[in-house]
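Data block below; observations after.
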There are 2 protein chains.
Amino acid sequence: MELKPLDALKLWHDVVLDTVRRDVPDLSARQLAILLTVYLESPPHTVRGLAAKLDVSKPAITRALDTMGQKDLLKRKRDDTDKRNVLVQRTVAGSVYLSELSDTIIAKANEHIS
Amino acid sequence: MELKPLDALKLWHDVVLDTVRRDVPDLSARQLAILLTVYLESPPHTVRGLAAKLDVSKPAITRALDTMGQKDLLKRKRDDTDKRNVLVQRTVAGSVYLSELSDTIIAKANEHIS
DNA sequence: CTATTCCGTTTCGGAGCCGGATCAGTCTAC
DNA sequence: GTAGACTGATCCGGCTCCGAAACGGAATAG
């Protein structure tokens, strides 16, 4: 398998264009990074941990969790063992959203990679 | 070659995370879509054409050209044959930016696709 | 118990982006 | 030449997001 520079950009172009057009729900790069991190990396995920991993401020994470939580893509849960912590958890809607994104990527990839 | 759903998401995760961290210059999804369209699709590129292709308003394109022009990623040029039109053209800095993006995508892809 | 540290949230002023409506400039039909 | 169509840019009020600082609650050290 071989992914050439032009193919890589075309793939990115097609997927980004797709997400821009069907703007529901449109996530910022940060929000998407948070969503993907929570779904792909092993728990637990805390606000502080996510802020450190993405190298952004804590309020930015809190706000992203607010908006994505409102869209049911993610949910908060208090840590019972240490009630200062907030654990970020997955939802069904979030899984569906990423599943669709995955489908889009694969579909576009098949057009460019051979 | 085979790109599985999980691989696709991991690839997206790695690249998005990379772009979020090195935030200079951070482009919105729309801006990136414009940039990729101008560099990948055949000219000419007008404000109206880009607005139609991305399905966004004209002011959004004008503003995106302002900010990306300020960063030298893109430049405007009046159409000599029809002076109503503005032709969006490529720059060296824009090519470099996309080249680096391409490198990142390929590097991450090689970790996930086998 | 008290002081300190750590956590996530909220406040604050500021900056950026949004689309609808409108504008000035250009081209075209007649 | 004049009316109309069409271009990209600008104005406008509104909305979102930003990070630094301050906050309340929870855990920890002494």
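Would you be able to tell me the number of residues in the stretch B:74-114 that are within 14 Å of chain A (Cβ to nearest Cβ) and not charged (D, E, K, R)? Of the residues in the stretch B:74-114, 17 are within 14 Å of chain A (Cβ to nearest Cβ) and not charged (D, E, K, R).
For the stretch B:85-104, a residue qualifies if it is within 13 Å of the chain's Cα centre (by Cα), part of a helix (DSSP H, G or I) and not charged (D, E, K, R), and the qualifying residues are B:ALA93, B:GLY94, B:SER95, B:VAL96, B:TYR97, B:LEU98, B:SER99, B:LEU101, B:SER102.
Residues that are in a helix (DSSP H, G or I) and either open to solvent by 50 Å² or more (accessible area, probe 1.4 Å) or farther than 15 Å from A:SER102 by Cα (or both) within the stretch A:1-12 comprise A:PRO5, A:LEU6, A:ASP7, A:ALA8, A:LEU9, A:LYS10, listed in sequence order. Every condition in (1) within 16 Å of the chain's Cα centre (by Cα); (2) part of a helix (DSSP H, G or I) holds for B:ALA107 except the one numbered (1).
Pairs meeting the criteria (first residue in the stretch B:41-64 and free of Cβ contacts under 8 Å to residues at least 40 places away in the same chain and within 14 Å of another protein chain (Cβ to nearest Cβ), second residue among the hydroxyl-bearing types (Ser, Thr, Tyr) and away from DNA strand C (no atom under 11 Å from the Cβ), beta carbons under 8 Å, at least 6 apart or on different chains) are B:LEU50/B:THR37; B:LYS53/B:THR37; B:LEU54/B:THR37. Out of (1) outside any helix (DSSP H, G or I); (2) within 13 Å of DNA strand C (Cβ to nearest atom), the odd one out for A:ASP72 is which? With respect to (1) outside any helix (DSSP H, G or I); (2) within 13 Å of DNA strand C (Cβ to nearest atom), A:ASP72 is out only on (2).
Residue count for the stretch B:21-51, restricted to those that are near DNA strand D (Cβ under 9 Å from one of its atoms) and not in a loop (DSSP other than H, G, I, E, B): 5.
This table checks each residue for (1) near DNA strand C (Cβ under 8 Å from one of its atoms); (2) under 12 Å from the mean Cα position of the chain (by Cα).
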residue: B:VAL47; (1), (2): no, no
residue: B:SER57; (1), (2): yes, no
residue: B:LEU65; (1), (2): no, yes
residue: B:ASP79; (1), (2): yes, no
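Got at least one residue in the stretch B:24-33 being without any contact (Cβ under 8 Å) to a residue 40 or more places away in the chain, farther than 22 Å from A:LEU101 by Cβ and within 16 Å of DNA strand C (Cβ to nearest atom)? Checking the stretch B:24-33: at least one residue is without any contact (Cβ under 8 Å) to a residue 40 or more places away in the chain, farther than 22 Å from A:LEU101 by Cβ and within 16 Å of DNA strand C (Cβ to nearest atom). Selection within the stretch A:69-86: residues that are farther than 15 Å from A:LEU35 by Cβ and touching a residue at least 12 places away in the same chain (Cβ under 8 Å). The member of this set that is most open to solvent (accessible area, probe 1.4 Å) is A:LYS77.
Going by the conditions given, is A:ARG22 open to solvent by 70 Å² or more (accessible area, probe 1.4 Å), closer than 24 Å to B:ALA52 by Cα and within 14 Å of chain B (Cβ to nearest Cβ)? Criteria met by A:ARG22.
Evaluating A:LEU9 against the criteria (1) more than 9 Å from chain B (Cβ to nearest Cβ); (2) more than 16 Å from DNA strand C (Cβ to nearest atom) leaves one unmet condition, (1).
The values are calculated or read from the model by the stated rules, or taken from the named source; none is laboratory data. These figures come from a predicted structure and were not determined experimentally. Backbone-built Cβ (ideal geometry, glycine too); neighbour counts: all protein chains shown. What goes into the accessible areas is simple: the full protein's heavy atoms, side chains included, and nothing from ligands, DNA or RNA. Shrake-Rupley method; radii C 1.70, N 1.55, O 1.52, S 1.80 Å.
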